[in-house]
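Only the coordinates and a few stated rules stand behind these numbers; no lab work does. Source: prediction; values computed, not measured. Cβ placement follows ideal geometry from the backbone for every residue including glycine, while neighbour counts extend to all protein chains displayed.
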Amino acid sequence: MTSAHDTDTDHAFQVQGLTKTYGEGHSAVHALRGADLEIGDGEIVVLLGASGSGKSTLLNILGGLDRASSGSVCFRDQILTDMDDRALTNYRRRHVGFVFQFYNLMPSLTARENVELVTEIAENPITAERALELVGLTKRIDHFPAQLSGGEQQRVAIARAVAKQPDVLFCDEPTGALDSTTGRAVLRVIQDVNEALGTTVLLITHAAATAAMADRVIHFADGQIQKVELNENRVSAEEIHW
Amino acid sequence: MTPLHAKLMRDLWRIKAQAAAIMVVIAIGVGLQIMMTGFVSSLTLTRDAYYERHQLADIFAPVVRAPNYVESRLADIPGIRTVETRLNSMASAKVDTREFSISMQVLSLPLHGRRHLNEVRLTQGRMPDAQRPDEILLLESFATAHGIAPGSQLEVTLHGVRRWYNVVGTAQSPEFIYFAAPGEFIPDDARFGVIWMGRPALAAALDLEGAFNEALVSLLRGANKDAVLDQIDQVLDPFGAPGAYGLEDFQSDRFLSEEISGLEVTSSTVPPVFMMVAAFLLYIVTSRMITAEREEIGLVRAFGYSKREVASHYLELALFIAVTGAALGCLLGVLLGRAMVPVYTTYYKLPFLLFRLEFASFASGLLLSIAVATLGGIWALRGIFRLTPAQAMRPPTPPDFSHSFSFKKGLFARLDQPTRMVLRRLMRQPWRMLGAVIGIASGMALSLAMLIIYDGFDVAIDRTFNVVDRSDATVSFVRNVPMRTIYNLQGMEGISHAEPVRFVPVVFRNGLRTYKGSITGLSQAPILHRALDKDLQPIALPERGIVLSTPLADVLDVEVGDTLMLEIREGRQQTVMTQVAGIAESLLGAPAYMDLAALGRQVGEPNRFSAAYIAMRDGAQSKVYADLKDMPAVAGISLRSEAEDAFKKVMDEGAGSARFIMGVMAFAITFGIVYNVARVAQDESARDLASLRVLGFRHSEAAFVLLGELAVVVLLALPLGLWMGTGLSHLIAQGFSTDLYQIPVIFAPKAYGSSISVVVCAAVVSGWLVQRRIRSTDITLALKTRE
């Protein structure tokens, strides 16, 4: 397995000329106007940019949730942009974990069961208990989402995302609904997962300070990648302030 | 248009399929109510006007032969307004289209000049001339069935004399709105007719000059009918009267009245089921909308809209659906009503029948649907009023499942997470689940009950025509015949077996309970026509005592071993006491059986028979007909197959469309419920479903979470629906069974199968529609919206 800090190795993603247009004619919205990008295995990549700059669109396409209008995306040796719905479902099932701003937990399942929802269909999962231990929620394992705080719910969401030992973890504003202390704890968990499991992490955030924990920072504006920064001095989540 | 109204219209457009499903349920409920109450009033008004205009008698008093002067003695009875006498006889007519003669009733026409009871309504031609003994009037339906028009001739055998009569006109009569061949009760226009002719001619033919054999009586308002009946019987007893009876015991009126009261009962029980289902659906749709729009509600309340304004916005939505459904129902009711008019006029010979839209029924349907909408809406709105605007604007916490089942033990621990989701969601909203289950089960029960009843009719036909009566035909005689005549029949080539039977008119009395009927005297160990017990085993008729059919025993409230009083209305007219020796199963009529010899002794006229059941050899029918024609004692012959065919025709026509309608009703209710529950569940769990898809669950796996809930609801509804339907069929059978006919409730696997298929089919269709929506949902959008 490659080191989390070794950015100059195999590519997790190779993106070429990626565009995405919603609607047609006058009402067409160009969410992505031609993105070229390479993301290495085991990297933490932070996507920064204003609302509507195209970062979520890129994340959705890389995560197999949406389709590109043109261009290509390779995940290792698979071409995502050629996949049909069934193949994309399998891709998400085998390789990808997601964490969202609003947690998206099943209210009818306990923390453990929310994680087991994924481990039941994954090929090589860790146990739900272990995943929840990773996020420090061992004591609240049989609680329902309604009984958990926002930060705890987000940690369950992360446990659920990493329990299958995904190759890539996509996080869309994971701290958006949390206060800064809780947010830092959540980022710590993501960093831990990256270090412990070597998972590639793509993280969208509005908080520019978060970029300090990334290996690479991609700035978006108006549907295009404005610049890509390499971060030689990664800091730990605890050191981030916003 | 205010912004709230614009929102209302857009909301309606968004939930159009759900709204349409609810409208259909309401439309069917209101439509059925309008159709049925419309017929109750159309039939009642038409009947009453017809009776009134044609002066239908209140009492019919048959007699063997009474001199004309007795009429004035009857007229002296207090309470009687008018008495009129007439001649009433049976005859047979020969038409080209049929091999054997047809039973006819012959009635004398009064002389012109004053208003008469039971006046005929001339439909074609003219009235017969009283001075012309060869002129007759023919019942319109019979004439039409055989293509006989005024100007034709008809060969009639009357009192043993065959001659040709000139048909000068056709007529209808309030006496013959519903009629069937003697001994049957399914109308067959071709096999029973009525002839009216001048009284002098009929009196001459029947040897009844200066006499009458039937008195018609109309009563003064407020007269005591029972007292009058008793006094008429006293006056007529010496002249061989089988007993006077009121209009309510008269076949035609009885059938029409029972049809009307049946419609009344159905119209007050079936439509409410639909309305209750509609209320439930409006409730779940409105409450879902309110939950989803909680923040908007908080916002407009913060702007200063009052609770009432907000509430009326959602109420308007429910009302719009309900009132549109009611308007459609009104249209449906009128269309159904108009379509049913020809069905009614086929069996009920009314001079006219206009389907009336009962304004009261429309108004009550409308009010009921408004009530339903208000009830459903207000129930759902309770939640809004509990919240302050600030609370409402805050995003709701995730639904709390902490009190639900933990699934930690036993088999439950093995359940996978999607199944747990299904079960927890169901258990979290038990009332909604219960409502859906009961709703589907009620729709299913309605249709199942009707299907069971129709299958029961089929069994009744089969039992009556193939088990109880196994003869090919019944030969009736002009007057009671000796055994020699039966032997003659038996000896005929083509007849394999002949069995004598004796019918004796009787009044059964047990305390205050009385029943005017007849006793059927059967020979020992009969082959063709038998009295059967409830296991369909033949009952050996005892030498003493009487065997009553179930409905007769019920009417008289007697059991085996009880003593019964019989007023025999034939021969010596004795009153005797006898013991109930057994109870026989019967589905048609309310017969009573006695040993043939014992009955002969009771009447004081042993070894005399009124008819014979015969079995014919294959292909010998024509030969038998030809031979019987030459027997002067034979009054007529009725073929069992014709009676069975008439029955089957009615069942096939009526039951076929009724089965279809029942199927549509069950489908509509199930579809309405399953589709709405599914759509609401889909809205509620849109984010869960999207999350599942994001986590790598396939469409089918995600759909399971949603549709699994519905599958459980439908699976629970199926056994409940079967149970409720079976129970309902017993209630219907009890309510509709009379001494005229009994509806058996049988185990009907076909009916169970059909109703299950309809419900499952409706569930599958709605499930398919909903899962199609899941497929087209954009999963990324669903994830970004906050519940």
So what are the ³J(HN,Hα) numbers for region A:28-42, from phi and the Karplus equation (6.51, -1.76, 1.60; θ = phi - 60°), rounded to whole Hz, Gly and Pro as x? 5, 10, 8, 7, 10, 10, x, 10, 10, 6, 10, 10, x, 4, x
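Please compute the volume of the convex hull spanned by the alpha-carbon atoms of region B:91-159 and report it per residue in Å³. Numbers along the way, then the final one.
On the way: hull volume 7.2 nm³, N = 69.
So the per-residue hull volume is 105 Å³.
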When a/c is below 1.5 the answer is rounded, else prolate if a/b is larger than b/c, else oblate, so apply that to the protein assembly as shown with a ≥ b ≥ c taken from the square roots of the Cα gyration tensor eigenvalues. prolate
Can you divide the C-alpha Rg of region B:171-213 by 2.2 N^0.38 Å and report the result to two decimal places? 1.46
For region B:151-267, compute Rh as the Kirkwood radius over C-alpha pairs and then the Stokes-Einstein diffusion coefficient at 10 °C and 1.306 mPa s; write the answer in µm²/s, rounded to an integer. 90 µm²/s
Whole-percent pair-distance distribution, where bins are 20 Å wide, for the alpha carbons of chain B: 14, 38, 26, 17, 6, 0
With x for Gly and Pro, the residue-by-residue ³J(HN,Hα) of region B:84-91, computed from phi through the Karplus equation 6.51 cos²θ - 1.76 cosθ + 1.60 at θ = phi - 60° and given in whole Hz, is 9, 10, 7, 10, 9, 8, 9, 8
Would you mind classifying region A:200-242 by shape? Square roots of the alpha carbon gyration tensor eigenvalues, ordered a ≥ b ≥ c; an a/c under 1.5 is rounded, otherwise it is prolate if a/b is larger than b/c and oblate if not. prolate
Fewest-first ordering of B:VAL422, B:VAL694, B:VAL664 by Cβ atoms within 10 Å yields B:VAL664, B:VAL422, B:VAL694
Mind listing the long-range amide H neighbours of A:GLY71? Cut-off is under 5 Å, sequence gap 5 or more, other chains count too, H placed in the peptide plane at 1.01 Å from N. A:THR19
Could you pull out the pairs from B:LYS94/B:LYS623; B:LYS623/B:LYS648; B:LYS516/B:LYS648; B:LYS349/B:LYS649 whose alpha carbons sit more than 24 Å apart here? B:LYS623/B:LYS648; B:LYS516/B:LYS648
Likely footprinting exposure, B:CYS330, A:CYS74, A:CYS171, fewest C-beta neighbours within 10 Å first: A:CYS74, B:CYS330, A:CYS171
Assigned charges on the beta-carbon of Lys, Arg, Asp, Glu; chain A dipole about Cα centre (debye): 520 debye
Distance between the C-alpha centers of region B:476-519 and region A:129-176? Whole Å please. 91 Å
What's the center-to-center distance, using Cα atoms, between region B:602-626 and region B:707-781 in Å? 50 Å
Where does each of B:VAL580, B:VAL334, B:VAL714, B:VAL467 land when they are ranked from fewest to most other beta-carbon atoms within 10 angstrom? B:VAL467, B:VAL334, B:VAL580, B:VAL714
Between B:TYR741 and residues 5 or more places away or on another chain, which pairs have amide H atoms under 5 Å apart, with H built 1.01 Å from N, and which residues are they? B:GLY589
Inter-chain shielding of A:93-106 (mean C-beta neighbours from other protein chains, 10 Å cut-off): 5
By Kyte-Doolittle mean hydropathy of at least -1.0 and Cα axial length of at least 27 Å, which whole DSSP H helices of chain B are selected? B:16-53, B:251-292, B:307-347, B:359-386, B:430-462, B:656-684, B:699-736, B:749-776
If you count, for every residue in B:409-417, the Cβ atoms of partner chains within 10 Å of its Cβ, what is the mean? 2
Using amide H atoms built in the peptide plane, which far-off residues or other-chain residues are under 5 Å from B:ALA211 H to H? B:ASN68
Whole-Å distance, taken between Cα centres, linking region A:80-99 and region B:1-56: 52 Å
Whole-Hz couplings from phi, Karplus 6.51/-1.76/1.60, listed for region B:210-222; x for Gly and Pro: x, 9, 9, 10, 7, 10, 10, 10, 10, 9, 6, 4, x
Residue separation times 0.36 nm, minus the C-alpha to C-alpha distance between B:ASN224 and B:LEU769: what's the value? 189.7 nm
By the C-alpha gyration tensor axes a ≥ b ≥ c (rounded if a/c is under 1.5, else prolate when a/b exceeds b/c, else oblate), the shape of region B:441-553 is oblate
